[in-house]
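In what follows, a structure is listed as structure tokens, so that the remarks can point back to it.
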Amino acid sequence: MDVQKKTDGSVNIIGEVATDPVASWMIQSAQVASKFTLFTHHAKTFPDLVTALRNSMLRAGVFKDEKTAEEQVVQVLNFDIHLVKDFRGRRYIERVTECIPVEERNEYTYDHRKEKTIEGKLDKFIDNATVYFTKTTNRELYKYRNVLEYHDGTYVITNPISEPNIKAMRNNMDDSDIAGFDEFVERNWGIKPPREIDYEETLNTSTVAQENAPKKRGRKPKNATQI
């Protein structure tokens, strides 16, 4: 793992994340050592998966704060492919779940400066204090949604994949895979593929813009004197 961090590793496969040190290595490799990491885990639900990995990071001593540890976990969990074995012995994929980290936004206001009375300024201060304590005590770090589910012997496409993950997936496909993937996304979720900008078109546009730009007049620069 240490050697691969300094190389161009593409995929890390970890057979089973069952102990705290292995969970720590998995998070680290997913962040810096490869394009993506595959691993197996026995969590029953997606929140259970996040909680188990977070607790492993805390017990391993990598982090001391629960929120910080959970934030690191959800940043590397893109998709959870949940397999099930029923009482008849059949194995199948029950669902594919996408993890969407919630971005931190600045929701504070400076409206107290517009207030003329002490009561008005105090109300605005309490509003900002409420936002602060909500973020501190009940901050939502991620959302999750199923993009594919198994119902009565049939796989059903449900929620669309988020735009950042669609873009990342397209960047790692060749032309034939991109065409098929774009057709799949547009057919099932109505999401049109991004328009590819032609390099020659961009170059020609830049050249025309430079030719049409007004010429500046001024004195000729003086010769530089080397000291």
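Since Ala129 meets every condition but one in (1) in contact (Cβ under 8 Å) with a residue 12 or more places away in the chain; (2) of a type in the set (A, V, I, L, M, F, W, C); (3) not assigned by TED's automatic domain parsing to the domain that holds Arg95, which condition does it not meet?
In the conditions (1) in contact (Cβ under 8 Å) with a residue 12 or more places away in the chain; (2) of a type in the set (A, V, I, L, M, F, W, C); (3) not assigned by TED's automatic domain parsing to the domain that holds Arg95, Ala129 misses (1) alone.
Examine the stretch 59-67 for a residue that is of a type in the set (Val, Ile, Thr) and under 24 Å from Asn165 (Cβ atoms), and state whether such a residue exists.
No - not one qualifying residue is present in the stretch 59-67.
For residues that are within 19 Å of Leu141 (Cβ to Cβ) and not acidic (Asp, Glu), tally how many sit in the stretch 29-58. Write out each step before concluding.
At the first step, the residues of the stretch 29-58 found to be within 19 Å of Leu141 (Cβ to Cβ) are 30-31, 41, 43, 45-58.
Still in the running and not acidic (Asp, Glu): 30-31, 41, 43, 45-47, 49-58.
Count: 17.
Looking at (1) at pLDDT below 90; (2) among the aromatic types (Phe, Trp, Tyr); (3) more than 30 Å from Glu103 (Cα to Cα), which one does Tyr155 not meet, given that it meets all the others?
(1)
Taking helices (runs of 4 or more DSSP H) that do not extend beyond the stretch 1-106, which have at least 3 residues that are under 26 Å from Arg145 (Cβ atoms) and at pLDDT below 90? Steps first, please.
Values: elements: 2-5, 20-28, 46-59, 66-76.
Answer list for the stretch 1-106: 66-76.
Could you say whether any residue in the stretch 22-29 is buried (at least 19 other Cβ atoms within 10 Å of the Cβ), in contact (Cβ under 8 Å) with a residue 24 or more places away in the chain and in contact with an Asp or Glu (Cβ under 8 Å, 6 or more places away or on another chain)?
No, every residue in the stretch 22-29 fails to be buried (at least 19 other Cβ atoms within 10 Å of the Cβ), in contact (Cβ under 8 Å) with a residue 24 or more places away in the chain and in contact with an Asp or Glu (Cβ under 8 Å, 6 or more places away or on another chain).
Among the residues of the stretch 34-49, is there at least one that is free of Cβ contacts under 8 Å to residues at least 24 places away in the same chain, surrounded by 15 or more Cβ atoms within 10 Å (Cβ to Cβ) and over 25 Å from Ala168 (Cβ atoms)?
No: the stretch 34-49 contains no residue that is free of Cβ contacts under 8 Å to residues at least 24 places away in the same chain, surrounded by 15 or more Cβ atoms within 10 Å (Cβ to Cβ) and over 25 Å from Ala168 (Cβ atoms).
Report, by residue number, each residue of the stretch 62-78 that is out of contact with any Pro (no Cβ under 8 Å at 6 or more places or on another chain) and surrounded by fewer than 16 Cβ atoms within 10 Å (Cβ to Cβ).
The first filter runs over the stretch 62-78 and keeps only residues out of contact with any Pro (no Cβ under 8 Å at 6 or more places or on another chain), leaving 62-70, 72-73, 76-78.
Lys64, Asp65, Glu66, Lys67, Thr68, listed by residue number.
Restricting attention to the stretch 27-58, which residues are of a type in the set (Gly, Ala, Ser) and under 24 Å from Pro164 (Cβ atoms)?
In the first step, residues of the stretch 27-58 are kept if they are of a type in the set (Gly, Ala, Ser); the result is 29-30, 33-34, 43, 52, 56.
Scanning the stretch 27-58 gives Ser29, Ala30, Ala33, Ser34, Ala43.
The values are calculated or read from the model by the stated rules, or taken from the named source; none is laboratory data. Please read all numbers here as calculations on a predicted model, not as lab measurements. As a convention, Cβ positions derive from the backbone with ideal geometry for all residues, glycine included, and neighbour counts pool all protein chains shown.
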